[in-house]
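Trainee: Take this structure, written in structure tokens, and hold onto it; I'll ask about it next.
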Amino acid sequence: MNRPLRLAAVLVGAVLLSLTGLGAAASADDGFGNASARTAYAQIEGSGSTWSEVIVQQWISDVDALGMKVTYNGGGSSQGRKNFAQNVTDFGISEIPYPGVDEFGNADNSNGREFAYLPIVAGGTAFTYQLKIGNELVRNLRLSGETLTKIFTGQITDWSDPQITQDNNGRAFPKLAITPVVRSDGSGTTAQLTTWMDKQYPDIWRPYFGKSGYTSYFPRKGRMLAQSGSDQVMNTISGFAGNGTIGYVEYAYPLNKDYPVVKVLNKGGYYVEPTQYNVAVALTQARINEDTSSPMYLTQILDGVYNATDPRAYPLSSYSYMIIPTGAQDQRMTTAKRQTLGDFMFYSLCEGQAKAGAYGYSPLPLNLVQAGFTQLARLKTADPAVDVENRDATKCNNPTFVAGNLKQNKLAQIAPQPAACDKDGEGPCGTATGTGQPSTDEDQPATTGDGGTTVAANGKGGGKGGGASPTGGADGADGGGGADPATTEVDPVTGETVAADGAVAADAAAGGSTTDPIYATPTELSASRPGDGRAFGALAALELLALVLVPGLLLARGVRRRGAGQ
């Protein structure tokens with residue numbers, strides 16, 4: 001082989017070697033503290049809940065860098081349970097366990113496939129809406145549970161209804177028809193909502209439904225619109241023709257859309273939204289089946305959550321479950337698939353929980369993470385070749401954990417008390433909802449506004465009867481301008497409120513008002529992963545070098561051949 005061809009071969013070989021080397025490095029450092037490669041992975045597939053899909057898709061993106069390929073189709077909890085039972089998928093996700101028989105009398109069970117329930121994340125079912133006064137979007141609407149139930153059963157049909165005005169302490173809204181947006185598919189979110197209405201307001205819900213109990217398929221009547229999936233519900237409400245609409249989705253959807261949510265009246269007498277703090281407080285009252293021999297092990301009973309009297313508790317808080325296959329003879333599972341599922345859920349239950357708050361969820365407490373690891377150990381029972389070593393829940397980076405105490409929840413302990421203007425009969429607060437930040441009067445640094453007025457950094461207050469403007473007032477000033485709540489955040493470790501950008505600005509001067517709408521800070525999902533940029537940057541450089549040099553070397557060789565021939 002002559003010299004130009006040898007050089008070309010060396011360059012191409014260097015590119016191929018770099019690809020092989022990076023792949024080997026990825027397998028050598030598997031992200032679980034092991035120096036050598038684990039059992040080979042194989043792609044796994046799941047389907048189900050759209051309530052939990054936002055965080056699940058983020059976890060999938062995260063583990064892709066570790067060599068795990070996971071696909072997930074959020075077609076609704078009912079479809080997820082059905083697909084798992086029919087061996088269409090490797091796992092399912094649902095907000096409710098298999099009921100045995102659905103509301104239409106059809107079988108809704110695992111069809112003999114062995115499985116276990118695994119709580120994966122906590123969250124709040126939020127009521128998002130589009131309601132405008134003039135051209136301004138209202139961002140601080142409050143409603144009681146009774147009012148919400150009447151809206152979703154057709155008893156309250158207009159935004160000017162006196163009961164809505166009463167919930168907002170005398171603040172009246174325009175005469176505009178209410179259009180509820182419900183789910184058209186079998187939905188765990190619908191099941192959560194209707195369970196709550198059946199438990200708390202049976203005299204309103206049951207005559208509408210025609211019987212007692214919950215349903216995964218909302219009975220659509222009147223002006224209701226029905227959409228498939230939480231994303232379509234959210235898009236319908238936030239769309240161009242969405243004025244007057246209201247629907248129910250997991251808090252992640254309005255948070256990521258920069259859209260307001262209803263503050264719901266709890267049994268403690270305060271209107272609250274489903275931030276990670278308020279959900280964590282509420283779920284301290286959830287009862288969990290801890291009988292390991294029960295087929296309903298780790299499933300939840302939420303009566304205590306609905307009736308929680310803590311002023312911080314959000315009443316529609318709950319958990320979402322993964323349904324994992326545990327049978328040794330499961331027809332879809334292999335050692336490689338079980339290993340992928342086990343490591344994917346180890347990441348999700350451990351490091352993945354630290355991301356929950358930013359994406360509109362609340363992380364699981366230690367007792368449920370520990371129980372989740374116990375469930376994952378059943379994968380090894382089914383297949384001894386599966387590696388489940390180094391699974392220490394106490395070492396997870398989870399903001400709920402309290403060292404040495406399985407059942408305490410640090411996030412609930414540091415959750416701030418709601419602002420005084422959130423109390424029933426007070427306010428309403430002027431601050432925007434849908435920001436992920438709690439509304440509170442706890443001590444925070446004050447700043448000077450444009451007109452020299454000192455304003456609380458958390459934008460508290462808003463004054464009684466803050467008027468039609470969605471912006472609020474300085475603490476105690478009726479109808480004045482409050483600080484932008486998007487400029488502050490709560491440190492999940494210390495519980496202290498800090499400035500997100502190092503400074504807080506007031507929206508308006510003393511006694512004044514502003515017509516500027518309040519915008520929350522949207523959370524954007526990121527599919528980037530540490531190390532991707534460096535690895536692929538090196539590959540790109542090598543490939544570019546080969547593309548530049550190889551053609552020239554080949555051309556030079558051709559010229560030499562022609563010269564020799566002449």
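The values are calculated or read from the model by the stated rules, or taken from the named source; none is laboratory data. The model shown is predicted, which means the values in this text are computed figures rather than measured ones. Cβ: placed from backbone, ideal geometry, glycine included. Neighbour counts: every protein chain shown.
Trainee: Within the stretch 264-281, how many residues are in contact (Cβ under 8 Å) with a residue 60 or more places away in the chain and touching a Ser or Thr at 6+ places or on another chain (Cβ under 6 Å)? Outline the logic, then answer.
Mentor: Taking the stretch 264-281 first, the residues in contact (Cβ under 8 Å) with a residue 60 or more places away in the chain are 264-265, 269-281.
Remaining after also requiring touching a Ser or Thr at 6+ places or on another chain (Cβ under 6 Å): 265, 273, 276, 279-280.
So the answer is 5.
Trainee: Counting only residues that are acidic (D, E) and in contact with a helix residue (DSSP H, G or I) (Cβ under 7 Å, 6 or more places away or on another chain), how many does the stretch 256-282 have? Lay out the reasoning, then the answer.
Mentor: Here is the first cut: in the stretch 256-282, the residues acidic (D, E) are 258, 273.
Narrowing the set further to residues that are in contact with a helix residue (DSSP H, G or I) (Cβ under 7 Å, 6 or more places away or on another chain) leaves none.
Residues flagged as acidic (D, E) and in contact with a helix residue (DSSP H, G or I) (Cβ under 7 Å, 6 or more places away or on another chain) within the stretch 256-282 amount to 0.
Trainee: I've got another one for you. Evaluate the stretch 324-341: report whether one residue or more is of a type in the set (A, V, I, L, M, F, W, C), under 22 Å from G92 (Cβ atoms), crowded, with 24+ Cβ neighbours inside 10 Å and within 19 Å of the chain's Cα centre (by Cα).
Mentor: Looking for residues that are of a type in the set (A, V, I, L, M, F, W, C), under 22 Å from G92 (Cβ atoms), crowded, with 24+ Cβ neighbours inside 10 Å and within 19 Å of the chain's Cα centre (by Cα), one finds none in the stretch 324-341, hence no.
Trainee: I've got another one for you. Return the only residue of G92, G112, G154 being among the small types (G, A, S), over 26 Å from P428 (Cα atoms), modelled with pLDDT of 95 or more and surrounded by fewer than 18 Cβ atoms within 10 Å (Cβ to Cβ).
Mentor: Details: G92 fails: surrounded by fewer than 18 Cβ atoms within 10 Å (Cβ to Cβ); G154 fails: over 26 Å from P428 (Cα atoms).
Of the residues listed, the single one that is among the small types (G, A, S), over 26 Å from P428 (Cα atoms), modelled with pLDDT of 95 or more and surrounded by fewer than 18 Cβ atoms within 10 Å (Cβ to Cβ) is G112.
Trainee: For residues in the stretch 157-188 being outside any loop (DSSP other than H, G, I, E, B) and surrounded by fewer than 20 Cβ atoms within 10 Å (Cβ to Cβ), which is farthest from the chain's Cα centre (by Cα)? Walk me through it before giving the result.
Mentor: We begin by selecting, within the stretch 157-188, every residue outside any loop (DSSP other than H, G, I, E, B); these are 158, 162-167, 177, 179-183, 188.
Narrowing the set further to residues that are surrounded by fewer than 20 Cβ atoms within 10 Å (Cβ to Cβ) leaves 158, 162-163, 165-166, 177.
Values: D158: 30, P162: 34, Q163: 31, T165: 31, Q166: 31, A177: 30 Å.
Among those that are outside any loop (DSSP other than H, G, I, E, B) and surrounded by fewer than 20 Cβ atoms within 10 Å (Cβ to Cβ), it is P162.
Trainee: Farther than 30 Å from A358 by Cβ, out of contact with any Asp or Glu (no Cβ under 7 Å at 6 or more places or on another chain) and either surrounded by fewer than 15 Cβ atoms within 10 Å (Cβ to Cβ) or at pLDDT 95 or above (or both): does that describe D198? Steps first, answer last, please.
Mentor: Numbers: farther than 30 Å from A358 by Cβ: yes; out of contact with any Asp or Glu (no Cβ under 7 Å at 6 or more places or on another chain): yes; either surrounded by fewer than 15 Cβ atoms within 10 Å (Cβ to Cβ) or at pLDDT 95 or above (or both): yes.
Yes: the conditions hold for D198.
Trainee: While we're here: Any chance the stretch 95-115 includes a residue that's in contact with a helix residue (DSSP H, G or I) (Cβ under 6 Å, 6 or more places away or on another chain), in a strand (DSSP E or B) and touching a residue at least 24 places away in the same chain (Cβ under 8 Å)?
Mentor: Checking the stretch 95-115: not a single residue is in contact with a helix residue (DSSP H, G or I) (Cβ under 6 Å, 6 or more places away or on another chain), in a strand (DSSP E or B) and touching a residue at least 24 places away in the same chain (Cβ under 8 Å).
Trainee: List pairs: first residue in the stretch 327-349 and over 11 Å from L379 (Cα atoms), second residue assigned to a helix (DSSP H, G or I) and acidic (D, E) anywhere in the structure, Cβ distance under 7 angstrom, at least six positions apart or on different chains.
Mentor: Y347/D62
Trainee: Can you tell me how many residues in the stretch 326-350 are part of a helix (DSSP H, G or I) and either of a type in the set (V, I, T) or at pLDDT below 95 (or both)?
Mentor: Narrowing the stretch 326-350 to residues part of a helix (DSSP H, G or I): 335-349.
So of that shortlist, the ones also either of a type in the set (V, I, T) or at pLDDT below 95 (or both) come out as 335, 340.
Count: 2.
Trainee: Hey, another quick one. Among the residues of the stretch 351-383, how many are closer than 19 Å to I44 by Cα and part of a loop (DSSP other than H, G, I, E, B)?
Mentor: So the answer is 1.
Trainee: Let me ask something else. Determine if the stretch 125-146 includes at least one residue that is out of contact with any strand residue (DSSP E or B) (no Cβ under 7 Å at 6 or more places or on another chain), in a loop (DSSP other than H, G, I, E, B) and hydroxyl-bearing (S, T, Y).
Mentor: no
Trainee: Oh, and also: Can you tell me which residues in the stretch 189-246 are of a type in the set (A, V, I, L, M) and outside any helix (DSSP H, G or I)?
Mentor: Taking the stretch 189-246 first, the residues of a type in the set (A, V, I, L, M) are 191, 193, 197, 204, 224-226, 233-234, 237, 241, 246.
Residues satisfying the conditions are M224, L225, A226, A241, I246.
Trainee: Right, something else. Given the residues P384, P428, which is the only one that is surrounded by 17 or more Cβ atoms within 10 Å (Cβ to Cβ) and either over 25 Å from the mean Cα position of the chain (by Cα) or at pLDDT below 90 (or both)? Show your work before the answer.
Mentor: Details: P384 fails: surrounded by 17 or more Cβ atoms within 10 Å (Cβ to Cβ).
Only one candidate qualifies: P428.
Trainee: Same structure, new question: Name, by its number, the condition in (1) under 26 Å from G123 (Cβ atoms); (2) in a loop (DSSP other than H, G, I, E, B) that does not hold for V386.
Mentor: Here V386 clears every test but (1).
Trainee: Only one of G242, G247, G268, G229 is buried (at least 23 other Cβ atoms within 10 Å of the Cβ) and not hydrophobic (A, V, I, L, M, F, W, C); which?
Mentor: Working: G242 fails: buried (at least 23 other Cβ atoms within 10 Å of the Cβ); G268 fails: buried (at least 23 other Cβ atoms within 10 Å of the Cβ); G229 fails: buried (at least 23 other Cβ atoms within 10 Å of the Cβ).
Checking each option against the conditions leaves just G247.
Trainee: Looking for whichever is surrounded by fewer than 16 Cβ atoms within 10 Å (Cβ to Cβ) and either modelled with pLDDT under 95 or of a type in the set (S, T, N, Q) (or both) here; the options are S52, S27, S47. Which one fits?
Mentor: Numbers: S52 fails: surrounded by fewer than 16 Cβ atoms within 10 Å (Cβ to Cβ); S47 fails: surrounded by fewer than 16 Cβ atoms within 10 Å (Cβ to Cβ).
When all the criteria are applied, what remains is S27.
Trainee: Next up: If a residue must be out of contact with any helix residue (DSSP H, G or I) (no Cβ under 8 Å at 6 or more places or on another chain) and part of a loop (DSSP other than H, G, I, E, B), how many such residues does the stretch 41-62 contain?
Mentor: 1
Trainee: Within the stretch 247-300, restricting attention to residues that are among the aromatic types (F, W, Y) and assigned to a strand (DSSP E or B), which residue is nearest to the chain's Cα centre (by Cα)? Steps first, please.
Mentor: Within the stretch 247-300, the subset among the aromatic types (F, W, Y) is 248, 251, 253, 259, 270-271, 277, 297.
Those left that are additionally assigned to a strand (DSSP E or B): 248, 270-271.
Working: Y248: 14, Y270: 24, Y271: 21 Å.
Ranking the qualifying residues of the stretch 247-300, first place goes to Y248.
Trainee: Residue check: is T309 in contact with a helix residue (DSSP H, G or I) (Cβ under 7 Å, 6 or more places away or on another chain) and either more than 21 Å from L368 (Cα to Cα) or surrounded by fewer than 24 Cβ atoms within 10 Å (Cβ to Cβ) (or both)? Break it down into steps so the answer makes sense when it comes.
Mentor: Numbers: in contact with a helix residue (DSSP H, G or I) (Cβ under 7 Å, 6 or more places away or on another chain): no; either more than 21 Å from L368 (Cα to Cα) or surrounded by fewer than 24 Cβ atoms within 10 Å (Cβ to Cβ) (or both): yes.
In short, no.
Trainee: Pick from the stretch 118-151 the residues that are more than 30 Å from S49 (Cβ to Cβ) and touching a residue at least 40 places away in the same chain (Cβ under 8 Å): which of them is surrounded by the fewest Cβ atoms within 10 Å (Cβ to Cβ)? Steps first, please.
Mentor: Quick first cut of the stretch 118-151, residues more than 30 Å from S49 (Cβ to Cβ) only: 132-136.
Filter once more, so that each one left must be touching a residue at least 40 places away in the same chain (Cβ under 8 Å): 132-134, 136.
On the way: K132: 16, I133: 17, G134: 9, E136: 16.
Looking at residues that are more than 30 Å from S49 (Cβ to Cβ) and touching a residue at least 40 places away in the same chain (Cβ under 8 Å), I get G134.
Trainee: Would you point out which residue out of M296, M234 is hydrophobic (A, V, I, L, M, F, W, C) and in contact with a Phe, Trp or Tyr (Cβ under 6 Å, 6 or more places away or on another chain)? Explain how you work it out, then say what you get.
Mentor: Working: M296 fails: in contact with a Phe, Trp or Tyr (Cβ under 6 Å, 6 or more places away or on another chain).
Going through M296, M234 in turn, just one is hydrophobic (A, V, I, L, M, F, W, C) and in contact with a Phe, Trp or Tyr (Cβ under 6 Å, 6 or more places away or on another chain): M234.
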